[in-house]
Amino acid sequence: MSSNPQAHPPRAAPYLNIVGEGVALGPLRKDLVPTYTRWYNNLHTLRTLDAIPLPLTLEQDERQHERLVAMSETQASFTVYERKNSRPIGNVGLLDIDYRNRTTEFALVIGEPDARGKGYGTESTQLTLDYAFCGLGLHNVMLRVFEFNLAGIRVYTESGFREIGRRRQCVLMGGKLWDTIFMECLSTERDSGPALARAFKPDEPRLPREE
């Protein structure tokens, strides 16, 4: 092991766009691609995503990262951090943003297994909805969730989404066919949370300075 203190410099504090109580959201980071790759090679995680459960190489994920960066005008992707230690624990984002029609599709993954069941998914969802409505001026946020993903359905329902329809028996999992559930949330159905309300608060009039 090297005794040079510069051999393993400490990782810089992440940029944070939105800070909540338990989690914070910041931009995707190239240096975190190996961490993202580890998450998306976990088959238990992949079963809840609209993805074929194939091995993902670091090189493939690096190319995917570059594509996401190139699509920055139509996608808003974040790294989810655990606030107490700035540990990256997942990804959340808005896909296929349509500014003219004010629509988008929501996606979330909590990649670190020990970060699940702590309310981080719910808060990440709520912060991203606030960003969509208050920050980007969107109106309709839709998502797709598999019928067997009970934890995800609970998170989305608690965050203000409601079911609008199903595609029946279109997902094979555990030897059984399951429905894909479509859910949506409208800007008129929720108020902005405090994190975004502070960020986008207009300036208040100031009294003239005394000479």
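All of the numbers you see were taken from the coordinates with simple rules; none came from a lab. Bear in mind that the values here come from a model prediction, so they are computed numbers and not experimental data. In this analysis, Cβ positions are derived from the backbone assuming ideal geometry, glycine residues included, and neighbour counts consider all displayed protein chains.
With +1 on the Cβ of every Lys and Arg and -1 on the Cβ of every Asp and Glu, and nothing else charged, how large is the dipole of the chain about its Cα centre, in debye rounded to the nearest 20?
On the way: 26 positive and 27 negative charges, 96 e Å.
That gives the chain a dipole magnitude of about 460 debye.
What does the charge count around GLY174 come to, taking other residues whose C-beta lies under 13 Å from its C-beta (Lys +1, Arg +1, Asp -1, Glu -1)? Charge balance near GLY174 sits at +1. Measure out, as a whole number of angstrom, how far apart the alpha-carbon centroids of segment 172-200 and segment 30-106 sit. A separation of 17 Å, based on Cα centres.
If R0 is taken as 35 Å, the Cβ-Cβ distance between ALA12 and GLU66 corresponds to a FRET efficiency of 0.95. Only sites in a loop by DSSP and with at most 10 other Cβ atoms within 10 Å count here; which trypsin sites (Lys or Arg not before Pro) in segment 3-110 make the cut? Answer by residue number: ARG11, LYS84, ARG100.
A simple count of charges around ILE164, restricted to other residues whose Cβ falls under 15 Å of its Cβ and scoring Lys, Arg +1 and Asp, Glu -1, yields -1.
Under the classification rounded if a/c is under 1.5, otherwise prolate if a/b is larger than b/c and oblate if not, where does the chain fall, given a ≥ b ≥ c as square roots of the Cα gyration tensor eigenvalues?
Oblate is the answer for the chain, as a/c is 1.5 or above yet b/c matches or exceeds a/b.
Amide H contacts of GLU112: none lie under 5 Å away among residues 5 or more positions distant or on a separate chain (H built 1.01 Å from N in the peptide plane; Pro and chain starts excluded).
Give, rounded to the nearest 20 debye, the magnitude of the charge dipole that segment 84-162 has about its Cα centre when Lys and Arg contribute +1 at Cβ and Asp and Glu contribute -1 at Cβ. Walk me through the numbers on the way to the answer.
Details: 9 positive and 9 negative charges, 22 e Å.
Approximately 100 debye in magnitude.
Estimated from helical segments only, the mean residue ellipticity of the chain at 222 nm is -6500 deg cm²/dmol, where each DSSP H run of four or more residues counts as -39500 (n - 2.57).
Determine, for ILE89, ILE52, ILE153, ILE97, the number of other Cβ atoms within 10 Å of each Cβ, and report the residues in order from fewest to most. Please list the in-between numbers first.
Working: ILE89 24, ILE52 6, ILE153 17, ILE97 20.
Fewest-to-most Cβ neighbours within 10 Å comes out as ILE52, ILE153, ILE97, ILE89.
For segment 18-144, the relative contact order is 24 percent, taking Cα pairs closer than 8 Å that sit 6 or more residues apart in sequence and dividing their mean separation by the residue count.
Suppose the chain between THR57 and ILE164 were pulled fully straight at 0.36 nm per residue; how much longer would it get relative to their current alpha carbon spacing?
Values: separation 107, 0.36 × 107 = 38.52 nm, distance 3.62 nm.
Stretched out fully, the THR57 to ILE164 stretch lengthens by 34.9 nm.
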